[in-house]
Structures are given as C-alpha cells and as structure tokens.
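Report on one structure; see the data block that follows.
The values are calculated or read from the model by the stated rules, or taken from the named source; none is laboratory data. Everything numeric in this text was worked out from a predicted model, so none of it was measured. Cβ: placed from backbone, ideal geometry, glycine included. Neighbour counts: every protein chain shown.
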Amino acid sequence: MVLANNYDVIIIGSGPGGYVTAIRSAQLGLKTAIVEREHLGGICLNWGCIPTKALLRSAEIFHYGQHAKDYGLTIEGKISADINAVVKRSRGVSAQLNAGIGFLMKKNKVDVIWGEAKLSKPGEIVVSKTSKKPMEPQNPVPKNAQGEGTYTAKHIILATGARPRALPGIEPDGKLIWTYFEAMIPPEMPKSLVVMGSGAIGIEFASFYRTMGAEVTVVELLPNIMPVEDAEISAIARKQFEKQGMKIITEAKVTKVEKAANSITAHVETKDGKVEKITADRLISAVGVQGNIENLGLEALGVKTDRGCVVIDSYGKTNVPGLYAIGDVAGPPMLAHKAEHEGVICVEKIANFPGVHPLEKDKIPGCTYCHPQVASVGLTEAKAREGGREIRVGRYPFIANGKAVALGEEQGLVKTIFDKKTGQLIGAHMVGAEVTELIQGFVVAMNLETTEEELMHTVFPHPTLSEMMKESVLDAYGRVLNA
Ligand SMILES: Cc1cc2nc3c(=O)[nH]c(=O)nc-3n(C[C@H](O)[C@H](O)[C@H](O)COP(=O)(O)OP(=O)(O)OC[C@H]3O[C@@H](n4cnc5c(N)ncnc54)[C@H](O)[C@@H]3O)c2cc1C
C-alpha cells in the first residue's frame, strides 16, 4: 500500500469512535486515512469493553458451575478457575476483533497510518514514531507498518480517547496499585483487593474478582455505588453484591495507601472522620478517565479544552475551522457507542449528508456488566423530580416473571418513568439478569417518543424477560397484570 499525502478526512485514533467514523467517511466518498499509534480498535477492543466482557463471561460460567446443583446438575470434583487461561481467552477475543478492524479498514479503502500524530498547523499533521510503550506484545503494530511523515487534510478529526485518571499520592504503579490495564491481565489471582471507585469500570472488576473468589472491598466517595444510576436500582445491586460477600463502603475515601512487598494497606476515611485500614494484595484505582489531549499540538492552534476534554459543538466541530473531536476525548459520557454515534454525525455533517441531527445525550443508554447487570436510559427518578416534573413510576420485580424464575434469576427490577402530563417515557432503569440486552427496547421507544399507551399496545413474547418491561409500564398506570 502506498500512502497518499493529502486526504479529505484524517482521523487520529482508531478506537470505536475513530474506526467507525473512518468507515462512514469512506462510504460517503471521502478519501480517508486513520492514524493509530498502538492498536486498532483503541481502548474498547484492546483494554475496555470487549476483554472485560470476556473476563466477566468466564466469571459467569464459573458462578453457574458452582451453583450447578440448583439446576439439578452434578459436576464431578471441584470446579476451579485457571486465571491464566481466563486471561488468555480474554486476550484472544480482543486479538480476534483487533484483526477484524484491520480487515474493515482494507475493505473500506481507509489508509492506516501508523505512528503518533500531532497537529503542526491547521489542516496538517506530522506523524512520528510512537513514543508509547505497548502494554503487551499482543495486537502489535504490523511489521510492514508505514506512517512517519507529514499529511494534510481538509478535515481532521481527533478521536484520541482517554486514559485512567490518577489521584495524587495514590498513583498506579502497575504492581501494587493497578489501573484497568493491569486488572485486565493479572499474572496470578489476587486473594484480596480494594477497588477505589464504584463507577462502571470499578464495579465490573469488583464483580469479576469477587465471583472468581477474591475478597473485594469497594470504596465509594458518594452515598450510592454506581452513582449515575437510579438510587433504587443502585441499592438493589448493592444488596446483591453484599450477599455475594463483597464489602462496600460508601461516603468514604481512600486517603493514603501504604505499600509492602506484596500487599497494600488502604486508609479509608468515612464521612464521620474515622479511618479504617484495609490490607489487601492489590488496589484497583477506578476513579474515572481523562481525555488524551496532550502532545497533540492543541495549544499552538488555540483549540479550546475544558476539564481535560476538547470542547465541541453538537456536530463535533472545535473552535478551529477544519478540526473536530469525537468520543472520549470530546467528553462524557465516555462510552463506545457514544463515540461511534458522535463520529458518524460528525462526518455526515462534513459530507453534507441529508437529515443529520445532533446527538441527544439523554437518550444514550448505559450498561454495567456486573452480576447482577445494570442498565439504564434517560432520567433517574430523582433527576426527573428535581426538574419539577410530575411523573408516574412503574416497577416490576424479576421474581414475578416466569422466565426469570425458570432461569433461576429471581433478583432484579425493571423501573420505568413517565411524564404524567404527556405519557412520554422519560427514563428506564433495570437491574438483573440480561438487562444490558433488554434496555435497547426502551432506547428505541424513547427515540420514537413513545407514550405509555403505545407501549401497552405492544405485544411482548412469552416467556421472556422482556415481559417485565411491559408490566413495568402497566404498573406505572395501575394496570399491572402478573403481580
Ligand atoms: C475497563 C473498561 C471497560 C469498558 N467497558 C465499556 C463498555 O462495556 N461499554 C462502553 O460503551 N464503553 C466501555 N468502556 C469505555 C470505552 O472503552 C470508551 O468509551 C471507548 O473506547 C472510547 O472510544 P474512542 O474511540 O473515543 O477512544 P479509544 O478507544 O480510547 O481509542 C483512542 C485511540 O487513539 C489512539 N491515539 C491516541 N493518541 C494518538 C495520537 N496522538 N496518534 C495516534 N493515535 C493516537 C490510541 O492509541 C487509541 O487506540 C470501557 C472502558 C474501560 C477502560
């Protein structure tokens, strides 16, 4: 392949935001290149969404194996986990999908420029040899990779993603204090862990390690775990985690970490000022992520940033003509599906594609793949009430659903929130088995501005977990059938 020097669109970063944008850009007839310094697929494919779900799948099967008796089955001997094999499977899944992105770039005639990109002037980038040391030899930069040089484009899209945030004094060291990178590839199973932060990333790792048998303590600064979720859903999830033996301390912060040769002692200060010292093998720092805005030449071009992210308008435009940003580097919610959607909107606007409209952030679903799973879209009950809105709330418990009982998954809730005046669905919140698959039904409904009546007229298949979605709607209007 011979790289050109000039393109219609150059995208910096090949995460889910960057590579999907590149495909759409090429589909729209724009001469497109993507620059990547490390691995195709970004954090999502290599260190985020996908490998964590592979780990969590192993944990789920381990859990069912341990509970085989509940289903009338006997496993001869003891079911045990080989953490190296579990990690190997997860890395294999990531490698398979990473290769798939290479194929997609070729298929769509997107040039891949390997190296680290920096803006040199408006419409121009310089690509140099990557300075980033890869975390592992897997999914490496290909041997025949080309890239170093100067390239120009009418439109440059930053899709450089994000990296772990660190708290001063509790900086990850890769050995005793882990980020998600190290937590994804443990060389051996830690016996105990402190997880600092209970957002989606922290809770997924807490759930994985607890299911695999580690003693896990979660420390969260706010009153509820998974603080962005509806408080009722969060409380149900917490109860389930605690039943599984997870220790959860809320309204508390890790103020200091003492390190020994092969363990840490976390000083955990609760809101009443008491300090509890918790010793564990490792601490996972999961206190959020921050945008990769450094060393990109943004300052020289006067690109506006805010709290570590590039400031954009509703179509991804920055304050510098011809420069755009999408995905994690363009701010929250820092989710792969938000990155993809934002990128498609951005490049369709560039190409003057008809009917493009801005991303509606309040209709972006969020999913956490812990056990039990949590999924939501739209306003929480508290947020809806805070806004002074009159609402109707529906609830339907898993235990009343035939399929949930048949599956042996009786713990959970489907909660729906409607605007009392208009009947419009404004929020849906779920905790329980497979809710990360169910939530999309409500996302579609919200996008179509569906009312309670339309949902009540919709036929849901039996027996499915999805029937709980209808029952929750019926409950909001005092018409629940199976409860
Ligand atoms: C543990 C974990 C689990 C997660 N699970 C989920 C989940 O289940 N669902 C979900 O929606 N989201 C999840 N996320 C978040 C998701 O991974 C991110 O939102 C998503 O990857 C953002 O995509 P992006 O394209 O903006 O950036 P990224 O995926 O971060 O990709 C950015 C790319 O840009 C490259 N790059 C950066 N700077 C340069 C440069 N100067 N030159 C060249 N290349 C550069 C990087 O090497 C990287 O490959 C998870 C994240 C983590 C950490």
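Would a scan of segment 385-401 turn up a residue that is within 22 Å of the chain's Cα centre (by Cα) and not in a loop (DSSP other than H, G, I, E, B)? No. Taking first residues from segment 329-345 that are closer than 15 Å to Pro164 by Cα and partners that are within 6 Å of the ligand (Cβ to nearest atom) and of a type in the set (D, E, K, R), the Cβ contacts under 7 Å between residues at least 6 apart in sequence or on separate chains come to Met334/Asp328.
Restricting the first member to segment 61-73 and to residues that are surrounded by 10 or more Cβ atoms within 10 Å (Cβ to Cβ), and the second to residues that are in a helix (DSSP H, G or I) and of a type in the set (Val, Ile, Thr), the beta-carbon pairs closer than 7 Å and six or more apart or on different chains are Phe62/Thr211; His63/Thr211. Residue selection: Ala375 satisfies the criterion of being under 25 Å from the mean Cα position of the chain (by Cα), aliphatic (A, V, I, L, M), within 16 Å of the ligand (Cβ to nearest atom) and buried (at least 19 other Cβ atoms within 10 Å of the Cβ). Restricting attention to segment 280-309 and to residues that are touching a residue at least 40 places away in the same chain (Cβ under 8 Å) and surrounded by fewer than 13 Cβ atoms within 10 Å (Cβ to Cβ), the residue that is farthest from the ligand (Cβ to nearest atom) turns out to be Ala300. Note on segment 162-185: among residues that are aliphatic (A, V, I, L, M) and farther than 24 Å from Leu56 by Cα, the one that is surrounded by the most Cβ atoms within 10 Å (Cβ to Cβ) is Ile170.
Output the residues belonging to segment 314-344 that are over 23 Å from Leu301 (Cβ atoms) and β-branched (Val, Ile, Thr). Of everything in segment 314-344, just one residue is over 23 Å from Leu301 (Cβ atoms) and β-branched (Val, Ile, Thr), namely Val344. Among the numbered conditions (1) in a strand (DSSP E or B); (2) closer than 24 Å to Ser58 by Cβ, the only one that Thr150 does not meet is (2). Is it fair to say Leu193 is of a type in the set (A, V, I, L, M, F, W, C) and over 28 Å from Arg91 (Cβ atoms)? No.
Residues in segment 230-256 that are more than 12 Å from Cys370 (Cβ to Cβ), outside any strand (DSSP E or B) and of a type in the set (Gly, Ala, Ser): Ala231, Ala235, Gly245. Answer with yes or no whether Gly412 is within 30 Å of Tyr7 (Cα to Cα) and either within 12 Å of the ligand (Cβ to nearest atom) or surrounded by 24 or more Cβ atoms within 10 Å (Cβ to Cβ) (or both). So Gly412 does not fit the description; no.
Of all residues in segment 217-268, those that are of a type in the set (Asp, Glu), free of Cβ contacts under 8 Å to residues at least 60 places away in the same chain and more than 20 Å from Leu176 (Cα to Cα) total 2. For Glu386, work out the one condition from (1) of a type outside the set (Val, Ile, Thr); (2) touching a residue at least 40 places away in the same chain (Cβ under 8 Å); (3) surrounded by fewer than 21 Cβ atoms within 10 Å (Cβ to Cβ); (4) farther than 30 Å from Pro122 by Cα it doesn't fulfil. All conditions pass for Glu386, except number (2).
For segment 147-181, a residue qualifies if it is of a type in the set (S, T, N, Q) and either farther than 24 Å from Ser120 by Cβ or out of contact with any strand residue (DSSP E or B) (no Cβ under 7 Å at 6 or more places or on another chain) (or both), and exactly one does: Thr179. In summary, Val9 fulfils each of the numbered conditions (1) free of Cβ contacts under 8 Å to residues at least 40 places away in the same chain; (2) assigned to a strand (DSSP E or B) with the single exception of condition (1).
Results for (1) touching a Phe, Trp or Tyr at 6+ places or on another chain (Cβ under 9 Å); (2) assigned to a loop (DSSP other than H, G, I, E, B); (3) among the β-branched types (Val, Ile, Thr), shown as yes or no for each residue.
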{"residue": "Ile157", "(1), (2), (3)": "yes, no, yes"}
{"residue": "Glu171", "(1), (2), (3)": "no, yes, no"}
{"residue": "Glu182", "(1), (2), (3)": "no, no, no"}
{"residue": "Pro186", "(1), (2), (3)": "yes, yes, no"}
{"residue": "Met189", "(1), (2), (3)": "yes, yes, no"}
{"residue": "Glu204", "(1), (2), (3)": "yes, no, no"}
{"residue": "Arg210", "(1), (2), (3)": "yes, no, no"}
{"residue": "Ile225", "(1), (2), (3)": "yes, yes, yes"}
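Among the residues examined, Glu437 qualifies as among the acidic types (Asp, Glu) and within 21 Å of Gly199 (Cα to Cα).
Here Gly29, Gly77, Gly65, Gly17 are screened, and the one residue that is outside any strand (DSSP E or B), at pLDDT below 95 and of a type outside the set (Phe, Trp, Tyr) is Gly77. Scanning segment 84-108 for residues that are buried (at least 19 other Cβ atoms within 10 Å of the Cβ) and over 20 Å from the mean Cα position of the chain (by Cα) yields Val86, Met105. Annotation: Glu434 fulfils all but one of (1) free of Cβ contacts under 8 Å to residues at least 12 places away in the same chain; (2) within 15 Å of Met468 (Cα to Cα); (3) of a type in the set (Asp, Glu); the unmet one is (1).
Restricting segment 32-45 to residues that are in a helix (DSSP H, G or I) and within 7 Å of the ligand (Cβ to nearest atom) leaves a set whose member that is surrounded by the fewest Cβ atoms within 10 Å (Cβ to Cβ) is Cys44. Within segment 321-359, the set of residues being surrounded by fewer than 16 Cβ atoms within 10 Å (Cβ to Cβ) and either within 9 Å of the ligand (Cβ to nearest atom) or among the small types (Gly, Ala, Ser) (or both) comprises Gly322, Pro333, Gly355.
Of the residues making up segment 258-276, those that are surrounded by 13 or more Cβ atoms within 10 Å (Cβ to Cβ) and not charged (D, E, K, R) are Ser263, Ile264, Thr265, Ala266, His267, Val268, Thr270.
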